[in-house]
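Here's the structure, in structure tokens; my notes come after.
The values are calculated or read from the model by the stated rules, or taken from the named source; none is laboratory data. If you're wondering where the values come from, they're calculated on a predicted model, not measured in any experiment. Every residue, glycine among them, receives a Cβ derived from its backbone with ideal geometry; neighbour counts consider all protein chains shown. The area values use the complete protein model at the heavy-atom level, side chains included, leaving out ligands, DNA and RNA. Shrake-Rupley method; radii C 1.70, N 1.55, O 1.52, S 1.80 Å.
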Amino acid sequence: MNYYISDLHIGHANVIKFDNRPFTNVDEMNDAIIANWNSRIESTDTVYILGDYIWAKENEWAQIVERFNGNKVLIRGNHDPRQFSKTVRNVFQEITNLKEIKDDGKHVVMCHYPIPFFRAGFAPNAYMLYGHVHNTLEYQYLKKLCREVKENATGYGTPSGNFINVGCMMPYMDYTPRTLDEIIAGDAADFKTIE
């Protein structure tokens, strides 16, 4: 099974205040995120991490990553190291900047940064998953753009507007890796909150 998540910021104390995360300190946040992850993810599952995974020195990464179940693919974020040692590379199936896969017949494009007009974006069964913007003003702009694109979509040949924030702090993510179907359903519910 495939799962997706972004912007975990393991070890990053300042992100608690930035995102208004429901944790009193970084240890509580780390423990909760790891517990949520491991309660869902089996050894045969693959989790696509769309950047800003760990706030630590590169030589500490392998020990931290090994605490998380499953196979892990890292799509680099702006806070992730540019270069990884062989030790760290070995705890991931892959480390890349952009990834495209098929998931249950759906085309999935993944990048840390939002790409509203992504390759295959005209297809109704194509989705762009991203992080980076957290739940900020930039995210509000993206939601409004998404609504405009969806309202003007006329079928194949026009953009679908299927770009979705998988930041762990999003209500439908709840600091837990989610399946594509769960993300699509959560985004649809969140979409109704656009002003």
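General remarks:
- Test set (1) farther than 30 Å from Glu60 by Cβ; (2) surrounded by 14 or more Cβ atoms within 10 Å (Cβ to Cβ); (3) out of contact with any His (no Cβ under 8 Å at 6 or more places or on another chain) - Asp104 fails condition number: (2)
- Of all residues making up segment 22-44, the number that are in contact (Cβ under 8 Å) with a residue 24 or more places away in the chain, open to solvent by 10 Å² or more (accessible area, probe 1.4 Å) and in a loop (DSSP other than H, G, I, E, B): 3
Residues are listed down the side, and each one gets a yes or a no for (1) in a loop (DSSP other than H, G, I, E, B); (2) surrounded by 14 or more Cβ atoms within 10 Å (Cβ to Cβ); (3) in contact with a Leu (Cβ under 7 Å, 6 or more places away or on another chain):
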{"residue": "Trp61", "(1), (2), (3)": "no, yes, no"}
{"residue": "Leu74", "(1), (2), (3)": "no, yes, no"}
{"residue": "Thr87", "(1), (2), (3)": "no, no, no"}
{"residue": "Ile95", "(1), (2), (3)": "no, yes, yes"}
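- Selection from segment 172-195 of residues that are at pLDDT 95 or above and either of a type in the set (D, E, K, R) or in a loop (DSSP other than H, G, I, E, B) (or both): Tyr172, Met173, Asp174, Tyr175, Thr176, Pro177, Arg178, Thr179, Asp181, Glu182
- The residues on offer are Glu138, Glu151, and the sole one that is farther than 21 Å from Ile75 by Cα and either outside any loop (DSSP other than H, G, I, E, B) or not small (Gly, Ala, Ser) (or both) is Glu151.
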